[in-house]
Structures are given as structure tokens and as C-alpha cells.
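**Student:** I'd like to ask some things about the structure below.
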Amino acid sequence: MKILLTGGAGYIGSHVLNLLGQDGHDIVVVDNLSTGRKEALLYGRHEEFNLEETERLEELIKKEKFQACLHFAGSIIVPESVEKPIKYYQNNTQNSLELIRLCEKHGVHNFIFSSTAALYGDSATNGICTEESPLIPINPYGRSKLMTEMMLEDTSKVTNLNYVALRYFNVAGANVDLKVGQCSPNATHLIKIASECATGKRPGMEIFGEDYDTKDGTCVRDYIHVDDLAQAHVDALKFLVTKKESAVLNCGYGHGYSVKEVVETVKRVTGKDFEVKITGRRAGDAGTLISKAGKIREVIGWTPKYDDLDLIVRTAFEWEAKLS
Ligand code: UFG
């Protein structure tokens with residue numbers, strides 16, 4: 001297929017590009033390299049520009065006649081979104097609006113959107129989120145993504161555009177063959193930070209809050225291996241092409257680990273010790289976010305292979321060591 005992939009040089013986009021490229025698809029990546037890296041582009045042709053450049057985007061979409069668009073480009077850091085809401089509404093909402101508008105206008109009928117568990121905020125009972133749980137995001141990041149889901153839903157009702165919104169839980173680890181991994185320069189994600197500690201790039205780390213209503217007081221998340229998440233996109237694409245309908249799907253394994261459990265796992269798996277300080281809560285954090293994971297398996301036949309925190313941590317650590 002002829003595919004437009006935005007944000008293909010970033011963490012998740014580059015893992016999906018790796019799978020789609022191996023399958024022989026004809027891919028154009030639009031990425032301005034603001035957080036992504038050129039070396040992560042293992043396949044496809046790269047167009048380096050910002051999605052805000054709508055004239056250039058329209059020219060490309062018009063000329064290439066894509067059959068599908070996978071939209072990864074965006075800003076993804078919860079605490080940063082609290083500090084810089086406009087950046088999130090620009091990069092995530094406004095840019096998505098233009099992209100959806102242009103895809104619809106020029107006949108790109110299959111659209112896959114990187115959505116997020118942050119849409120649920122603290123609304124789900126015991127933090128177990130079904131796709132029907134109320135959508136009450138508690139930070140600008142989640143709100144900026146929710147608006148895009150709404151635009152897709154409304155547009156798909158009255159046009160030929162079909163979409164799959166994948167609501168990612170906590171994506172972590174690196175490609176099992178270590179071809180690609182997470183490279184964000186100022187990382188904020190837990191497993192990445194703990195891996196930086198284990199490789200000696202950071203002297204220590206903080207745990208943000210131990211007064212949540214969870215088993216040990218620290219936040220609980222559903223950590224999913226990035227290669228499994230990438231495969232979900234491949235499955236979603238097949239679903240769109242064969243079924244010609246839309247779906248909104250949680251993308252997680254269905255069980256969670258606390259921050260303390262994750263940090264202990266990193267220390268055990270890597271055999272490295274490092275300093276960990278408990279500090280106050282971080283703005284925008286929900287207590288527990290765990291996917292109720294059945295629907296994605298039923299609807300698109302997703303069968304994850306790496307539901308194993310030790311393996312997630314090992315690949316993250318090995319990638320981090322390879323980077324240094
Ligand atoms: N944490 C620490 N110390 C750190 C980093 C993180 O204690 O140095 C804690 C956070 O406070 C949080 C947990 O580890 O409780 C996970 O935090 P991350 O920053 O790794 O991830 P988030 O849960 O904030 O967000 C991630 C993605 C979002 C997605 C969300 C879904 O960045 O895009 O998972 O659960 F929406």
C-alpha cells in the first residue's frame with residue numbers, strides 16, 4: 001500500500017515504520033525531526049517539514065494518492081502539557097484537524113490515530129478502563145487528543161473516511177532486535193529514566209508521589225512493549241482495508257505495575273543499583289490506568305507476544321546501553 005506516516009522518526013512511529021517497511025509497503029514519512037531522529041528511518045522516503053505547513057502537506061497528499069495515513073506526529077509529555085497547553089493544542093489538535101481535512105478532501109480513506117489512555121483521566125472504576133469508560137482527561141495532553149478523536153468520529157459518520165483510534169497505555173522497551181528504540185533527549189518516561197540510571201547516565205531518579213490510592217501508594221500503569229504496539233497498527237490497517245469500518249480500541253495488556261515495582265524490576269533485571277528518592281506528586285498524573293484489554297483482540301485479532309515486564313525492561317536497558 002501507499003502510506004503516509006507522520007512522526008515516523010519518533011519512538012513509536014519508527015517501530016511501526018520498521019514493520020510496515022519489512023512488509024514492503026511504499027511509505028512516505030513526514031517528520032520535522034523536532035524530537036525524532038533520522039537514523040530511526042529504516043524504510044520509506046522522508047519529507048522533512050512541520051505539519052503546520054498545510055500547503056506543503058496538501059501538495060504531497062494530492063500528488064501521492066495515499067491509501068492510508070498513520071498519524072503519530074504530536075507532543076506526548078503529560079507534565080509538559082500542563083506547562084505549555086497551547087503547544088499541545090497546536091501540535092495535537094490543530095495539526096490533526098488539518099491532516100484529517102486534507103485526507104478526507106483527497107480521498108485518503110483509511111486513518112490510524114495515536115490516541116491515549118490519558119483520555120480516561122481518573123474516571124474509570126478502579127482505574128480499569130474500558131473503551132466505554134467516561135472520557136474525562138485531567139491534563140491538556142489528554143484533552144488535545146480527545147478533541148482529535150471527536151473530529152474523527154464526526155467526520156467518519158458523514159464521509160468515506162474510516163479510522164482506528166488506538167488508545168495507547170504506557171509504551172516502553174525497544175525493538176527486540178534493537179534496530180530502533182526510544183531516543184528522546186530529555187526523557188520523562190519511567191522505564192527510559194530508570195534505564196538511564198542503570199546505564200550510569202543519570203545518578204538517580206525520583207518517584208513522584210506515594211500517597212495514591214494504590215497497593216503501595218505509587219501510580220499504577222499498564223506497560224506495553226513497543227513491538228506489540230507496532231503490530232497493533234499493522235493489524236488495524238488490515239482491519240480498515242478489509243472491513244471498511246471504524247473502531248476505537250484500548251492498547252494495553254490488561255494488568256498494571258506500580259512505579260515502585262517497575263523500579264525494582266529495572267534494578268533486578270539489570271543488576272544495577274541507583275538512588276531513588278520519593279518526592280511529591282507530578283502535575284497531571286492519574287492514580288491508576290489499566291486497560292480492559294479484550295476488545296482489541298476480538299476486533300482486529302491483535303495477539304501480543306511480549307507481555308513480560310522483565311523483557312520490556314531488558315530491551316529498554318540494552319537499547320540504552322547501545323546508545324551510549
Ligand atoms: N514517574 C516517576 N518518576 C519518573 C518518571 C515517571 O515516578 O522519573 C511516574 C509518573 O509519575 C507516573 C508513572 O511513573 O506515575 C508513569 O509516568 P510516565 O511519564 O512514564 O508515563 P505517563 O503515565 O505520564 O504517560 C504515558 C504516556 C502518555 C499516555 C499515558 C497512558 O506518556 O502518552 O502513558 O497511561 F497517555
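The values are calculated or read from the model by the stated rules, or taken from the named source; none is laboratory data. Everything numeric here is computed off the predicted structure, so don't read it as measured data. No Cβ is skipped: glycine too gets one built from the backbone with ideal geometry, and neighbour counts run over all protein chains shown. Accessible surface is based on the protein model in full, side chains and every heavy atom, while ligands, DNA and RNA are left aside. Shrake-Rupley method; radii C 1.70, N 1.55, O 1.52, S 1.80 Å.
**Student:** Suppose we filter Ala174, Ala117, Ala165 for residues that are away from the ligand (no atom under 11 Å from the Cβ), under 30 Å from Glu318 (Cβ atoms), in contact (Cβ under 8 Å) with a residue 12 or more places away in the chain and surrounded by 17 or more Cβ atoms within 10 Å (Cβ to Cβ); which single one remains?
**Tutor:** Sole residue among the options that is away from the ligand (no atom under 11 Å from the Cβ), under 30 Å from Glu318 (Cβ atoms), in contact (Cβ under 8 Å) with a residue 12 or more places away in the chain and surrounded by 17 or more Cβ atoms within 10 Å (Cβ to Cβ): Ala174.
**Student:** Kindly provide the set of residues from the range 91-149 that are over 23 Å from Cys219 (Cβ atoms) and either of a type in the set (A, V, I, L, M, F, W, C) or not assigned by TED's automatic domain parsing to the domain that holds Ile77 (or both), ordered by number.
**Tutor:** Across the range 91-149, the qualifying residues are Leu97, Leu99, Ile100, Leu102, Cys103, Val108, Phe111, Ile112, Phe113, Met147.
**Student:** Could you pull out the residue among Asn110, Asn91 that is over 20 Å from Ala236 (Cα atoms) and crowded, with 19+ Cβ neighbours inside 10 Å?
**Tutor:** After applying the criteria, what remains is Asn91.
**Student:** Just give me the residues in the range 195-212 being crowded, with 19+ Cβ neighbours inside 10 Å, more than 10 Å from the ligand (Cβ to nearest atom) and of a type outside the set (S, T, N, Q), in sequence order.
**Tutor:** Matches in the range 195-212: Ala198 only.
**Student:** If you don't mind, there's one more thing I want to ask. Could we say that Asn160 is within 9 Å of the ligand (Cβ to nearest atom), open to solvent by 20 Å² or more (accessible area, probe 1.4 Å), more than 15 Å from Ala321 (Cα to Cα) and modelled with pLDDT of 95 or more here?
**Tutor:** no
**Student:** Still on this structure: Which one is farthest from the ligand (Cβ to nearest atom) among residues in the range 120-143 that are closer than 17 Å to Ser81 by Cα and crowded, with 23+ Cβ neighbours inside 10 Å?
**Tutor:** Looking at the filtered set, the residue picked out is Pro140.
**Student:** Do you know which of the residues in the range 180-194 that are open to solvent by less than 40 Å² (accessible area, probe 1.4 Å) and near the ligand (Cβ under 8 Å from one of its atoms) is nearest to Asp285 (Cα to Cα)?
**Tutor:** Leu190
**Student:** Among the residues of the range 225-236, is any over 30 Å from Ala68 (Cα atoms) and within 12 Å of the ligand (Cβ to nearest atom)?
**Tutor:** no
**Student:** If you don't mind, another one. Select, from Arg37, Arg56, the only residue that is open to solvent by 60 Å² or more (accessible area, probe 1.4 Å) and touching a residue at least 40 places away in the same chain (Cβ under 8 Å).
**Tutor:** Result of the check over Arg37, Arg56: Arg37.
**Student:** Please determine, by comparing only the residues of the range 61-72 that are out of contact with any helix residue (DSSP H, G or I) (no Cβ under 9 Å at 6 or more places or on another chain) and part of a helix (DSSP H, G or I), which one is farthest from Val234 (Cα to Cα).
**Tutor:** Step by step, filter the range 61-72, then rank; the result is Lys63.
**Student:** Within the range 120-138, is even one residue touching a residue at least 12 places away in the same chain (Cβ under 8 Å), of a type in the set (Val, Ile, Thr) and closer than 19 Å to Val30 by Cα?
**Tutor:** no
**Student:** Assess whether Lys238 counts as being open to solvent by 10 Å² or more (accessible area, probe 1.4 Å), at negative phi and either among the hydroxyl-bearing types (Ser, Thr, Tyr) or not assigned by TED's automatic domain parsing to the domain that holds Tyr120 (or both).
**Tutor:** Considered against the rule, which asks whether it is open to solvent by 10 Å² or more (accessible area, probe 1.4 Å), at negative phi and either among the hydroxyl-bearing types (Ser, Thr, Tyr) or not assigned by TED's automatic domain parsing to the domain that holds Tyr120 (or both), Lys238 comes out as no.
**Student:** Could you list all residues from the range 267-313 that are aliphatic (A, V, I, L, M), under 24 Å from Thr214 (Cβ atoms) and in a helix (DSSP H, G or I)?
**Tutor:** Residues satisfying the conditions are Val269, Leu309, Leu311, Ile312, Val313.
**Student:** Could you pull out every one of the strands (runs of 3 or more DSSP E) wholly within the range 151-266 that has 1 or more residues that are closer than 13 Å to Leu309 by Cα and in contact with a helix residue (DSSP H, G or I) (Cβ under 7 Å, 6 or more places away or on another chain)?
**Tutor:** Where strands (runs of 3 or more DSSP E) fall fully within the range 151-266 and carry at least 1 residues being closer than 13 Å to Leu309 by Cα and in contact with a helix residue (DSSP H, G or I) (Cβ under 7 Å, 6 or more places away or on another chain), they are 170-172, 223-225.
**Student:** Sticking with this structure for a sec: Could you tell me which of the residues Lys277, Lys267 is open to solvent by 80 Å² or more (accessible area, probe 1.4 Å) and not acidic (Asp, Glu)?
**Tutor:** That would be Lys277, the only listed residue that is open to solvent by 80 Å² or more (accessible area, probe 1.4 Å) and not acidic (Asp, Glu).
**Student:** What are the residues in the range 125-150 that are closer than 15 Å to Tyr168 by Cα and not in a loop (DSSP other than H, G, I, E, B), if any?
**Tutor:** Once the filter is applied, which keeps residues that are closer than 15 Å to Tyr168 by Cα and not in a loop (DSSP other than H, G, I, E, B), the range 125-150 yields Gly127, Ile128, Cys129, Tyr141, Gly142, Arg143, Ser144, Lys145, Leu146, Thr148, Glu149.
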